[in-house]
Amino acid sequence: MKRAGCLIVLLAVLAVPLMVLFAAERTPTLPDMTAVADVSDIPARMLSAYQNAADLTPREAPKCRGMAWPVLAGIARIESNHAGGRTVAANGDISPHILGPVLNGSGAGGNTTAFTDTDNGALDGDARYERAVGPFQFIPATWRSSGRDGNGDGSSNPHNADDAALGAAVYLCGDGRNLADRKQLEGAVFAYNHSDAYVNDVLAHIDRYAALGSGSISLDGSASGDARLVIAAALAEEGTAYSWGGGGAKGPTVGICCSPGGKSGASTVGYDCSGLTTYAFAKIGISLPRTAAAQAGVGERIPASQGVAALQPGDLVFFGYTPGRDSTIYHVGIYLGSGQMVNSPRPGTSVRTEPVWQDGFAGGARLT
């Protein structure tokens, strides 16, 4: 049976989520991009930062053992509620900045010891006293020793989710801790904040996240640079409703007022398939035409005859009614690697990751 176009009703393949369990050690696959699924209260972009940092830890702290994303998620849950109330950009930058109380010894935030400024206010905006900064609440002086570049942009910034998560991983690792050992994990968390109550709270969240039994779809393909930003932008929209004719360079919009069959329906804010790709590629300055068929004419075309194996993470992936005829293309997604894509399939669904459809596969296009 043929599928209807992405501006028409689509028949979608059910997503088959893969599960990544909390393990004592993670095998690094640098610089792997990770597609994320829903994990409890963690926003997708923050979860991606935690998983990325866990993967990069062996490079930054070779003696460390047992670093896994639930450890970082447990810390960030207490420190900032996963950057709650902030906007996290595709490259990981967080706005507005997360700033803790002024550490002037006044007792605010539990602080009774004054910490005078060490960075002339460069990170915390205060040239007199220190303030904890970012989703992991680093003191500027500590950041200078533990800060790392987690997103590959050449700088380390505690107000960036990827950088902050990797910096926290390095700090928790200390001088070669084995975080799979409960006592050493407790010691690492205590070093982060010298409070037994804090340790208990963080460990409770670590245990909860580790017990979820799900949390990511790990991808084999390497995604870096612009491709990584495109993927991160699309993944950050997971769960946003399908909206026929909805979405554009600035984000989700109200779609066309009526259903494909001409029946009036409630207006929905969201994306259709080409609206999602338009939004994701706008993040790297690429302006795509509005329909799936037109997008097939942009970039370096990858013929369907070469199969899914010829695709790379960040490529557009197309589906059509007639193999080899771009004019019949009705759907587009973004390839993630390992046979997976992120897309907005059809009315009644939302942006999600799922296996690349076999029915109607029409190749891809490389823009990055």
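The values are calculated or read from the model by the stated rules, or taken from the named source; none is laboratory data. As the structure is a prediction and not an experimental result, all values here were calculated from the model. No Cβ is skipped: glycine too gets one built from the backbone with ideal geometry, and neighbour counts run over all protein chains shown.
Count of the range 112-150 residues, restricted to those that are crowded, with 17+ Cβ neighbours inside 10 Å and outside any loop (DSSP other than H, G, I, E, B), is 9. Close contacts from the range 55-77, counting a first residue that is on the phi > 0 side of the Ramachandran plot and assigned by TED's automatic domain parsing to the domain that holds ARG148 and a second that is surrounded by fewer than 21 Cβ atoms within 10 Å (Cβ to Cβ) and in a helix (DSSP H, G or I), with Cβ to Cβ under 9 Å and a gap of 6+ residues or different chains, come to GLY66/GLN184. One residue stands out among those in the range 315-368 that are without any contact (Cβ under 8 Å) to a residue 40 or more places away in the chain and charged (D, E, K, R): the one that is surrounded by the most Cβ atoms within 10 Å (Cβ to Cβ), which is ASP326.
Applying a threshold of 9 Å to beta carbon distances and a minimum spacing of six or more residues, or different chains, the list of pairs starting in the range 198-216 at a residue that is in the same structural domain as ALA68 (by TED's automatic domain parsing) and modelled with pLDDT of 90 or more and ending at one that is part of a helix (DSSP H, G or I) and hydroxyl-bearing (Ser, Thr, Tyr) reads TYR198/TYR192; VAL199/TYR192; VAL202/TYR192. Per the conditions (1) surrounded by 15 or more Cβ atoms within 10 Å (Cβ to Cβ); (2) over 24 Å from the mean Cα position of the chain (by Cα), the sole criterion not satisfied by ALA294 is (1). In the range 312-368, of all residues being under 18 Å from the mean Cα position of the chain (by Cα), small (Gly, Ala, Ser) and part of a loop (DSSP other than H, G, I, E, B), the one that is nearest to TYR271 (Cα to Cα) corresponds to SER344.
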